[in-house]
Amino acid sequence: MMIVMKPTASEEDIQAVIARIESVGARAHPSRGEEVTVIGAIGDREHVQRLGLEAHPGVEKVVPILRPYKLSSAQFSHGQRSVIEVEGRKIGGDHFAMIAGPCTVESRDQTVGTAHTVAEAGATMFRGGAYKPRSSPYSFQGLGTEGLRLLAEAKAETGLPIVTELMDARDVEPILEVADVIQVGARNMQNYPLLAEIGRTGKPVLIKRGLSATLEELLMAAEYVLKEGNPNVMLCERGIRTFETAYRFTLDIMAVPMLKELSHLPVIVDPSHAPGRRDMVLPLSLAAAAAGADGIIVEVHPNPEQAICDGPQQLYADQFADYVEHVERAAAVAGKVLSAPA
Ligand code: PEP
Ligand code: MN
């Protein structure tokens with residue numbers, strides 16, 4: 001249920017409603033908009049209904065949330081878009097995030113060098129995997145804690161916030177020390193204990209859409225994080241499996257406007273993993289930005305021919321500044337500006 005407060009409701013009214021909701025064992029998720037506060041009551045619907053909150057001081061109306069996902073639904077935010085702030089950089093609303101970096105952390109030179117290059121080109125955040133989800137157990141699995149140390153060094157030198165993947169809840173502590181945004185990989189989108197654990201950390205999180213996941217399933221994954229009281233969730237379209245075999249995955253551009261209709265959460269697009277090849281990364285990025293994406297997460301490498309994984313799709317670091325200029329123009333068409341530190 002959703003309790004919409006009157007614009008004139010006082011803080012006392014809001015606190016009293018929260019206390020009533022919690023008194024029947026439900027959880028209250030207040031969302032304070034510019035004009036009105038909305039309180040999501042997540043729990044037994046009948047118990048909440050029996051409270052008769054319509055008659056409570058400061059309450060405008062009580063309405064059911066119609067979708068199976070509640071806190072991530074557009075209805076819950078009353079039409080307001082979520083803007084997430086990471087180290088002074090805003091993502092969502094009018095702000096476009098350029099998240100760039102190598103697929104995986106390989107060495108100090110490769111990692112810190114790429115961080116400098118993307119920072120100079122105006123990137124918003126730096127990406128790089130220390131723990132890698134690989135289809136084969138015989139492939140390189142990432143440098144682990146040594147990789148995290150290199151990411152910390154890249155941040156210390158460039159100031160760029162770090163986006164890195166958490167695959168296993170047992171690694172949450174070392175990741176929390178370095179990550180500014182935790183990435184949940186496509187293969188873990190439905191790892192519910194992992195999502196709930198990330199929810200409890202309160203750390204911003206980027207959830208990648210599963211290879212065969214529907215948008216509703218993606219929003220339900222977001223719900224697992226939001227339910228734990230962590231509002232800092234970004235959704236990421238990265239390509240899905242279809243019958244088409246000409247490319248690795250099909251980048252679902254329609255997911256961008258659709259997710260923005262269904263949800264208030266920022267929508268990021270990964271143009272690298274669907275085609276699996278560099279020459280398609282720019283056109284897909286332009287399409288995503290023009291379609292209204294709130295950002296891009298793209299792979300960049302100083303020497304992709306030597307990359308340990310995903311070499312053919314990684315952009316050449318020395319061409320990255322040019323790439324950013326193009327994408328920035330497409331984002332401007334959708335009314336967005338590249339997010340920079342405040
Ligand atoms: C990645 O970002 O390098 C990655 C492995 O992505 P995905 O989980 O989307 O395959
Ligand atoms: Mn990759």
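The values are calculated or read from the model by the stated rules, or taken from the named source; none is laboratory data. None of the values given here were measured: they were computed from a predicted structure. Here Cβ is always computed from backbone atoms with ideal geometry, including for glycine, and neighbour counts include all displayed protein chains. The area values use the complete protein model at the heavy-atom level, side chains included, leaving out ligands, DNA and RNA. Shrake-Rupley method; radii C 1.70, N 1.55, O 1.52, S 1.80 Å.
What full-extension length gain, to one decimal in nm, is calculated for Glu12 and Val24 as 0.36 nm per residue of separation minus the Cα-Cα distance?
2.4 nm
Calculate the length of the line joining the C-alpha centroid of the stretch 101-154 to that of the stretch 217-272, in whole Å.
Rounded to whole Å, the Cα centres lie 23 Å apart.
³J(HN,Hα) across the stretch 45-52 via Karplus (A = 6.51, B = -1.76, C = 1.60, θ = phi - 60°), whole Hz, x for Gly/Pro?
Taking θ as phi minus 60°, the curve returns 4, 5, 4, 5, 4, 5, 5, x Hz for the stretch 45-52.
Could you give the nm distance between label points at Asp168 and Ala196, where each point is 7 Å from its Cα heading toward the beta carbon?
Here the modelled spin labels are 2.1 nm apart.
Any idea what angle helix 11-23 forms with the longest principal axis of the chain, computed on alpha-carbon atoms, 0 to 90 degrees, nearest 10?
That works out to roughly 90 degrees.
Let's test the formula: R0 of 45 Å, r as the Cβ-Cβ distance of Ala55 and Ala287. What FRET efficiency results, to the nearest 0.05?
For R0 = 45 Å, the calculated efficiency reads 0.35.
Rolling a 1.4 angstrom probe over the protein heavy atoms, how many square angstrom per residue are accessible across the chain?
Accessible area per residue: 42 Å².
Round to the nearest 0.05 the FRET efficiency obtained for Glu87 and Asp44 when R0 = 35 Å and r is the Cβ-Cβ distance.
0.35
List the residues, sorted by chain then number, that are 5 or more residues from His264 or on another chain and whose placed amide H is less than 5 Å from its amide H.
Hits under the 5 Å cutoff: Ala74.
What's the magnitude of the charge dipole for the stretch 22-177 around its Cα centre, counting Lys and Arg as +1 and Asp and Glu as -1 at the beta-carbon? Answer in Debye, nearest 20.
460
How far, in nm, would the chain grow between Thr245 and Val36 when pulled straight, counting 0.36 nm per residue and subtracting the alpha carbon separation?
Fully extending the segment from Thr245 to Val36 adds 70.4 nm.
Any idea which of Tyr192, Leu259, Thr164 is furthest toward the positive side of the dipole for the stretch 137-285, if Lys and Arg beta-carbons carry +1 and Asp and Glu beta-carbons -1?
Leu259
Taking the Cα centre of the chain as origin and charging only Cβ (+1 Lys, Arg; -1 Asp, Glu), how large is the dipole, in debye to the nearest 20?
720
Collect residues whose amide H, placed 1.01 Å from N in the peptide plane, falls under 5 Å from the amide H of Val59; neighbours closer than 5 in sequence don't count.
Those qualifying (amide H under 5 Å, at least 5 residues apart or on another chain) are Lys6.
Treating only the Cβ of Lys, Arg, Asp and Glu as charged (+1, +1, -1, -1), what charge dipole size does the stretch 43-85 show about its Cα centre? Round to the nearest 20 debye.
The calculation lands at about 140 debye.
Report the semi-axes of the equivalent ellipsoid for the chain in whole Å, largest first, where each axis is √(5λ) for an eigenvalue λ of the Cα gyration tensor.
Three semi-axes, in Å: 37, 20, 19.
For the stretch 125-263, give me the percentage of DSSP beta bridges that are antiparallel, rounded to the nearest 5 percent.
Of those bridges, close to 10 percent are antiparallel.
Rg/Rh for the stretch 257-342: what does it come to with C-alpha atoms and Rh from Kirkwood?
Ratio of gyration radius to Kirkwood radius for the stretch 257-342: 1.00.
Under a crude label model (7 Å from the Cα following the beta-carbon direction), how far is Leu211 from Gln319 in nanometres?
Here the modelled spin labels are 2.8 nm apart.
Measuring from label point to label point, each 7 Å out along Cα→Cβ, what is the Ala156 to Glu228 span in nm?
2.9
How large is the helix-only mean residue ellipticity at 222 nm for the chain, computed as the sum of -39500 (n - 2.57) over DSSP H runs with n ≥ 4, divided by its residue count, in deg cm²/dmol to the nearest 500?
The helix contribution divided over the chain gives -9500 deg cm²/dmol.
Could you tell me which of Gly311, Ala289, Ala321 has its Cα farthest along the dipole of the stretch 233-342 towards the positive end, charges placed at Cβ (Lys, Arg +1; Asp, Glu -1), taken about the Cα centre?
Ala289
When DSSP assigns beta bridges and you keep just the ones with both residues in the chain, what percent turn out antiparallel, to the nearest 5?
Once the DSSP bridges in the chain are tallied, antiparallel ones form about 40 percent.
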